[in-house]
Each structure stands twice: as structure tokens, then as C-alpha cells.
1. Looking at the range 68-77, is at least one residue out of contact with any Pro (no Cβ under 8 Å at 6 or more places or on another chain) and within 25 Å of ALA174 (Cβ to Cβ)?
2. I need the full set of residues from the range 76-90 which are in contact with a strand residue (DSSP E or B) (Cβ under 7 Å, 6 or more places away or on another chain) and open to solvent by less than 20 Å² (accessible area, probe 1.4 Å), in order please.
3. Spot the failing condition for VAL73; the list is (1) surrounded by fewer than 22 Cβ atoms within 10 Å (Cβ to Cβ); (2) over 14 Å from the mean Cα position of the chain (by Cα), and only one is missed.
4. Report those strands (runs of 3 or more DSSP E) wholly inside the range 60-129 carrying at least 3 residues which are β-branched (Val, Ile, Thr).
5. State which residue is modelled with the lowest pLDDT when the search covers only the range 130-151 and only residues that are of a type in the set (S, T, N, Q) and assigned to a helix (DSSP H, G or I).
6. Among the residues that make up the range 166-173, is at least one of them at negative phi, in contact (Cβ under 8 Å) with a residue 40 or more places away in the chain and open to solvent by 30 Å² or more (accessible area, probe 1.4 Å)?
7. Quick check on the range 176-189. Is at least one of its residues modelled with pLDDT under 85 and either open to solvent by less than 20 Å² (accessible area, probe 1.4 Å) or under 17 Å from ALA112 (Cα atoms) (or both)?
8. Within the range 16-35, is there a residue that is in a helix (DSSP H, G or I), at pLDDT 90 or above and in contact with a strand residue (DSSP E or B) (Cβ under 8 Å, 6 or more places away or on another chain)?
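The values are calculated or read from the model by the stated rules, or taken from the named source; none is laboratory data. Remember, predicted model here, so these are calculated numbers, not experimental data. For neighbour counting, all protein chains shown are included, and Cβ atoms are generated from backbone atoms with ideal geometry for every residue, glycine included. Areas reflect the complete protein model, heavy atoms only, side chains present, ligands, DNA and RNA absent. Shrake-Rupley method; radii C 1.70, N 1.55, O 1.52, S 1.80 Å.
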Amino acid sequence: MNHSTKTWPSDENFPSVPVNVAGNGSVLWSILRLEHGANASRRAQRLRSSSAAQSMLRNLALKHLGPSQAFEVSKEPSGRPVVRLSDKTLMASISHSRDLVCVALGCDEQIAVGIDVEFHEPSRNIEGMIRSLGWADVGLSAGAFYNEWCLYEARFKATGITARNEQPEMCVCALAVTAQYSGMLVWASEPSDSSIS
């Protein structure tokens, strides 16, 4: 099978989003609440969220690299978003849930980064999910479950490791999100080649 990277087109009309810093400047991240039309389909909402995430990632790259540095925002065959320069590749991560979109960018080649945000779905069978995942955390409150889920997903995006008990310890930052959501950002040096978005 022929694998290639996907380059995202530029969207110069997308508004600038505030940039946050973590890890003493080793990670940049942003979060945005989108307004979706009441009649917008789920597919249209996902496309808009994806487009916003791509533009936000370009914004982070511009903030980190400056306007004079040439770079390309693309997606690897694994699905992981990256920022490519002529001499290096920076790892990135994207997540969206309902109307929240968040992105993160490692500011050095050695920085593995993962970000995840989840809406607290009231109808979700949390105990059933915990059992199906094989987690021993039976009895978690909804908020605690979603925090653990976001931490698991963010670590998976940074490392590519699916087994929760095998995921490495990483630096963690809980995202400041509204009560109906949970969000986590993780980072560490030495990214895994198998990591995905």
C-alpha cells in the first residue's frame, strides 16, 4: 500500500486563537469553542471542527517559528498531525468533541505531545465502558471517568501505546474547560514513531 502525507491547505481567513504555553515553553496549545448552526449535520460540524483544528495548528506553528520560517502542516500515514520544516518534524495533536476544538504542538523534535477533550455524554454507560476497557476503576464518577479517559487518549496520541498499564508517565495539564467537558494535555521527550493524532 502506498502511504503518503496529506498537506492541509492554508486558511488565511481563520481568526487567531489565544496560545497557551506548557512545560516551560516546550509545548504550545490552544482551545476554541465553535458556534455550530442549529441545523448543521453532525458531519458538517465535524468538518468545521477539523478545519478549525488545522488552522489553529498553523497558528501555533507561526507563533513558535515566526513568519519568516517556511513550514508545512501535514498528516502522516498513521493519522498524526505534524509540522514539517526543511530539517525537522514537530509532533502535534488535535482533538474535538461537540463544539470544543483543541490542538497542541511540541516545540522541539524530541517532544511527544497528546491532547484530548471529551463531552460528558449523559446517556453513556460509564460502568459498561470501564468493564469493556478492562479497567479496574469500577465506581468512578462521570467526571472522574472522563478525566481518566482523556488522560488515556492523550497518552495514546503521544505514544501510540494502547494498553493503559503500559503507557508511560508523562507531564500532565488538565485543560480549563466547562463543566460538561474534560480535557487533558500530556507531553514528554522522545516521541514514539508509532504515535498518532
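1. Within the range 68-77 (the criterion being out of contact with any Pro (no Cβ under 8 Å at 6 or more places or on another chain) and within 25 Å of ALA174 (Cβ to Cβ)), the answer is no, since none of the residues qualifies.
2. PRO81, VAL82, VAL83, LEU90
3. For VAL73, the failing item is (1).
4. Of the strands (runs of 3 or more DSSP E) lying wholly inside the range 60-129, those with at least 3 residues that are β-branched (Val, Ile, Thr) span 111-119.
5. So the residue we want is SER132.
6. yes
7. Checked against the condition, which is being modelled with pLDDT under 85 and either open to solvent by less than 20 Å² (accessible area, probe 1.4 Å) or under 17 Å from ALA112 (Cα atoms) (or both), the range 176-189 yields at least one hit.
8. yes
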